[in-house]
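Taking it in order: structure first as structure tokens, then the write-up.
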Amino acid sequence: MHVNLFEVAMGAVASLAVPFAAMGVAGKPVDTPRLPLAETVEIAATAIDYPLPGEFLLDARPATAASMKIETPAFRIMKRQVSLADYELCVADGACRPADARPNPLDVPVTGVNWLDAEAYASWYSRGTGVTWRLPTALEAAVAAGERFGGESFTAQADDPANPAVRWLRRYREEAAAKRPPDPEPKPFGHYGPNSMGIEDFGGNVWEWTSTCYERVTLASDRKTVLSKTENCGVHVLEGRHRAYMSNFVRDGRSGGCAVGTPPENLGFRLVRDNDFPLIAWADARLRGLLGQHSTPF
Amino acid sequence: MFTRRQALLGAAAATMVAGALPKLASAAPVTEAEIAALPRQKITLVAPPFVHAHDQVATSGPKVVEFTMPIEEKKVVIDDEGTEFQAMTFNGSMPGPMMVVHEGDYVELTLINPDTNSMPHNIDFHAATGALGGGALTLINPGEQVKLRFKATRSGTFVYHCAPEGAMIPWHVVSGMSGTIMVLPREGLKNEKGEALRYDKVFYIGENDFYVPRDEEGNYKTYESHGESYADTVQVMRGLIPTHVVFNGAKGALTGDNAMKSKVGETVLIVHSQANRDTRPHLIGGHGDYVWEEGKFANPPAKDLETWFIRGGSAGAALYTFLQPGVYAYVNHNLIEAVELGATAHFVVEGEWNDDLMKQVVAPSPITTN
């Protein structure tokens, strides 16, 4: 995604324009909301034990992800993943690229979409509803997934400091053991059922994009203090049965996997609905976007 | 049915046999009675990548080695999208099983075409001499069987495949009907100095190129029978671009739980066949210590190869001793075919890491600025 000067200017104008919301941004009238609001589930403020996404090094060797208790404020997230039918509306409007979805009935989640597609849909849907929608952070996805949160299914811990192959072989076996028969056909909504919070279909055969960037972190021996960190926002975190990392342009989970491993079957997404003060949220999202995008190559 | 071209090829082959006579001159003409007096051994074939038990060095004189192979037409799944494919198989597997004999042995094959099949089939052994490799003597209809005997006069790894006639030949081959016979020198494998080479394990990797038709929406089509798939499949075949290039009959067939297993210090012989199309095996992170690219053991092996070339219509053999533990990908090093079309297998190798051979000196960390 290009963060160009135009967007910078828009962001600045937007933050100034808050008191004059009715006037719209940069002289352009705000679109009249015309799209129905997707059903959302309110997730209460909570704190969870959360394995941080990314890759971790300790004493120059791969280490288990740092896990910590993290608090999240309440938020609202779509009950269902974005549907193929809704995504097609965005395509018809010229704001989204056609998905690489298999030919399907429309009441299935959209699949074959990359991170850039998900972002494009979120901003189109925000414009169309007058409410700010965005991808969840990986933490929000974990909270909303509840008991279905997969996180790091396979520990990255280096088992034997003198023999890196011990870890490669163990992971290979774990992934082989977790391998399922192929079942890539997207299922109708509700096929995988709701979790305890009423979120439908999480952990099915559609992995969900988040707004969290991939990071490589070097930890101190207390396993908490960060000695150094490299963020790569050309790769984002997906949550599903297990956590995955994919380049922003990848639409097919199977081709985005590494040489050895069990890649996701499908890539899709659901959105978080931010507060209902659209311009504040919009400006906020823009600014956060700007801050978060410094290393994005697109 | 012989075509004019096949007749000409036959004539050329006859001329070549004359040229090869000095090699065979030492062997006195053998009578049926003498062959009948030879010891017989019955082999039960096993599905690839494994190979039936065999001696690397012959422990006695020539014998008659008996094999039985039923042909099975069946629907199989060839990728992780669940694409169904109308396969034709020797012994139920793609590739067909690897047969092992010694030079000078007689191969006696009973080929069975059960009446549950729909088409005539036969077998052409590249290791055999005459009659289109045996193809002209083995064409059988569903409900028939035939017994062929040929003498294994040349050592090496050789493809066998179905070759009924005309347009059926390539179609049957790219539907899965190929395999390999390994004819070992009686004294076993040798390096360029004539010193003995041995393997602890042998793996047979058959590479298949598949040509699966797609519908208007780009999805792979499935067919109720081989006959219904034929016309569409030939159209894809004529484009010469496979939709799948796989090892052992399906994408990922030699990965995960089915990855090939070895350990540091173990020597493996990897036999690789491609009955239709050129390929170039490569062991990522390893090498070919001794490689018979053409697969023929009378020639000295090449040494220390990174990638080896297997001509379409042949089988080659590579000997390698694993030196580091880990997960090795064994690929067709046309990497598009390896990753996009499926030509990747894995070796899972246990053992102690050797820091002298490789070590990560500094782990990934932010770039240091001076």
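Go ahead and set up a Gaussian network model of chain B, Cα springs under 10 Å, then flag whichever of B:Y106, B:Y223, B:Y160 fluctuates most. Comparing B:Y106, B:Y223, B:Y160 in the GNM, the peak value goes to B:Y223.
State the dimensionless ratio Rg/Rh of the stretch B:17-144 (Rg: radius of gyration of Cα atoms; Rh: Kirkwood radius).
Details: Rg = 17.5 Å, Rh = 17.0 Å.
Using only Cα positions, Rg/Rh for the stretch B:17-144 is 1.03.
Taking one quarter of the surface of the convex hull spanned by the alpha-carbon atoms of the protein assembly as shown gives a direction-averaged projected area of 36.3 nm². Shape class of chain B from the Cα gyration tensor (axes a ≥ b ≥ c, square roots of the eigenvalues): oblate, since a/c reaches 1.5 or more and a/b does not exceed b/c. The Cα atoms of the stretch A:25-276 define a convex hull whose projected area, averaged across directions, is 14.8 nm².
Taken along the Cα-to-beta-carbon direction at a fixed 7 Å, the label points for A:E88 and B:D200 span 5.8 nm.
With the simple model of a label 7 Å out from the Cα in the direction of the Cβ, B:T116 to A:K229 spans 6.1 nm. Summed over both chains, the area buried between B and A is near 1900 Å², taken from the accessible surface of protein heavy atoms with a 1.4 Å probe. Where the centroid of each part is defined by its Cα atoms, how far is the stretch B:215-265 from the stretch A:175-197 in Å? The stretch B:215-265 and the stretch A:175-197 have Cα centres spaced 25 Å from each other. Counting Cα-Cα pairs of the stretch B:203-350 in 10 Å increments starting at 0 gives whole-percent bin shares of 11, 38, 30, 14, 6, 0.
Taking a point 7 Å from the Cα of B:T307 along the Cα-to-Cβ direction, the residues of the stretch B:316-335 with backbone N closer than 14 Å to it are B:330-335.
Would you mind checking B:K201/B:K303; A:K69/A:K229; A:K79/B:K251; B:K190/B:K263 for any pair whose Cα atoms are more than 26 angstrom apart? Provide the component values of the computation, followed by the final result.
Details: B:K201/B:K303 19 Å; A:K69/A:K229 20 Å; A:K79/B:K251 36 Å; B:K190/B:K263 23 Å.
Result: A:K79/B:K251 exceed 26 Å.
Under 17 Å from a label point set 7 Å out along the Cα-to-Cβ vector of B:I367, the amide N atoms of the stretch A:199-223 belong to A:216. Computed from label points 7 Å out along Cα-Cβ, the spacing between B:K147 and A:A74 is 8.5 nm.
The values are calculated or read from the model by the stated rules, or taken from the named source; none is laboratory data. Not measured: the values here are computed from a predicted model. With ideal geometry, Cβ positions are generated from the backbone for all residues, glycine too; neighbour counts draw on all protein chains shown. Quick note on the areas: whole protein, heavy atoms, side chains included, nothing else; ligands and nucleic acids left out. Shrake-Rupley method; radii C 1.70, N 1.55, O 1.52, S 1.80 Å.
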